[in-house]
1. From the list A134, A92, A122, A70, exactly one residue is aliphatic (A, V, I, L, M), out of contact with any Ser or Thr (no Cβ under 8 Å at 6 or more places or on another chain) and in contact (Cβ under 8 Å) with a residue 60 or more places away in the chain. Which is it?
2. Of the residues V83, V101, V144, which is touching a Cys at 6+ places or on another chain (Cβ under 9 Å), within 21 Å of V26 (Cβ to Cβ) and in contact (Cβ under 8 Å) with a residue 40 or more places away in the chain?
3. Looking at V38, V28, which is the one that is in contact with a helix residue (DSSP H, G or I) (Cβ under 7 Å, 6 or more places away or on another chain) and either assigned to a helix (DSSP H, G or I) or of a type in the set (S, T, N, Q) (or both)?
4. Any idea which residue in region 23-59 is surrounded by the fewest Cβ atoms within 10 Å (Cβ to Cβ), counting only those that are without any contact (Cβ under 8 Å) to a residue 40 or more places away in the chain and among the aliphatic types (A, V, I, L, M)?
5. From the list R20, R5, R9, R97, exactly one residue is within 22 Å of D140 (Cβ to Cβ), surrounded by fewer than 18 Cβ atoms within 10 Å (Cβ to Cβ) and of a type in the set (K, R). Which is it?
6. Which residues, taken from region 112-171, are modelled with pLDDT under 85, assigned to a helix (DSSP H, G or I) and either within 24 Å of V101 (Cβ to Cβ) or β-branched (V, I, T) (or both)?
7. Name the single residue, out of those in region 102-130 being touching a helix residue (DSSP H, G or I) at 6+ places or on another chain (Cβ under 6 Å) and of a type in the set (V, I, T), that is nearest to T35 (Cα to Cα).
8. Kindly evaluate Q188 against the criterion of being within 16 Å of I113 (Cβ to Cβ) and either polar (S, T, N, Q) or out of contact with any Asp or Glu (no Cβ under 7 Å at 6 or more places or on another chain) (or both).
Amino acid sequence: MICGRDPDRLAAAVEQIGHRCVGLAVDVSTVDGSTSFVDQAIDALGAVDILVTNAGGPPPGTFASTPVDAYPAALDLNLMSVVAMCKAAVPAMQERRWGRVVAITSLSVRQPIAQLILSNTARAGATGFLKTLALEVADDGVTVNSIQPGLHRTPRVSQLYSDEQQRSMRMGEAADFGAVATFLCSEQAKFTTGVQVHVDGGSYLGLL
């Protein structure tokens with residue numbers, strides 16, 4: 001089950017994925033939309049064992065260029081959507097004693113990215129929530145992890161950076177990232193929880 005705001009792009013993604021994938025036209029930039037997505041998935045599938053949260057990013061901007069009233073929408077998109085989807089999906093995982101939550105955040109949580117102050121702020125908050133949740137549900141067979149991508153060849157990167165800028169950047173392929181997500185959703189990852197995995201080709205410069 002996947003969701004998106006654009007019905008045409010959603011239909012194209014469903015066709016590309018195949019394997020009985022189902023698409024829902026849902027906007028997760030609101031708590032109601034995020035909750036509705038999980039509720040509809042449960043109705044259609046019978047249960048949600050694996051939840052991958054991955055809302056799009058808010059508009060770029062700096063401290064100087066970003067008005068205060070832009071922050072609530074960014075927090076709804078990249079923090080509250082995660083909270084709402086987890087509230088809708090995780091309790092049933094706990095009851096079944098098995099579940100996986102994988103949140104796609106950003107390398108900016110460790111190393112803030114210039115021109116992305118809204119994303120930097122909201123995703124850092126989501127990371128704090130996810131770490132706390134992981135500790136609370138670890139004994140229930142539910143793991144909660146996040147993946148922090150660096151730059152990968154995606155439409156979002158093309159929106160933010162020119163072709164010339166991209167040629168000087170270290171970028172991965174979507175499949176590289178997907179392989180890490182797949183592992184965290186697997187049975188083999190049952191003792192891996194509360195971690196933030198950066199998948200960035202070595203762009204993060206910190207030791208910890």
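1. A122
2. Going through V83, V101, V144 in turn, just one is touching a Cys at 6+ places or on another chain (Cβ under 9 Å), within 21 Å of V26 (Cβ to Cβ) and in contact (Cβ under 8 Å) with a residue 40 or more places away in the chain: V101.
3. Of the residues listed, the single one that is in contact with a helix residue (DSSP H, G or I) (Cβ under 7 Å, 6 or more places away or on another chain) and either assigned to a helix (DSSP H, G or I) or of a type in the set (S, T, N, Q) (or both) is V38.
4. Selected residue: A25.
5. Selected residue: R97, the only one of R20, R5, R9, R97 that is within 22 Å of D140 (Cβ to Cβ), surrounded by fewer than 18 Cβ atoms within 10 Å (Cβ to Cβ) and of a type in the set (K, R).
6. Selection gives R156, V157.
7. So, considering only residues that are touching a helix residue (DSSP H, G or I) at 6+ places or on another chain (Cβ under 6 Å) and of a type in the set (V, I, T), the one nearest to T35 (Cα to Cα) is V102.
8. Considered against the rule, which asks whether it is within 16 Å of I113 (Cβ to Cβ) and either polar (S, T, N, Q) or out of contact with any Asp or Glu (no Cβ under 7 Å at 6 or more places or on another chain) (or both), Q188 comes out as no.
The values are calculated or read from the model by the stated rules, or taken from the named source; none is laboratory data. Remember, predicted model here, so these are calculated numbers, not experimental data. In this analysis, Cβ positions are derived from the backbone assuming ideal geometry, glycine residues included, and neighbour counts consider all displayed protein chains.
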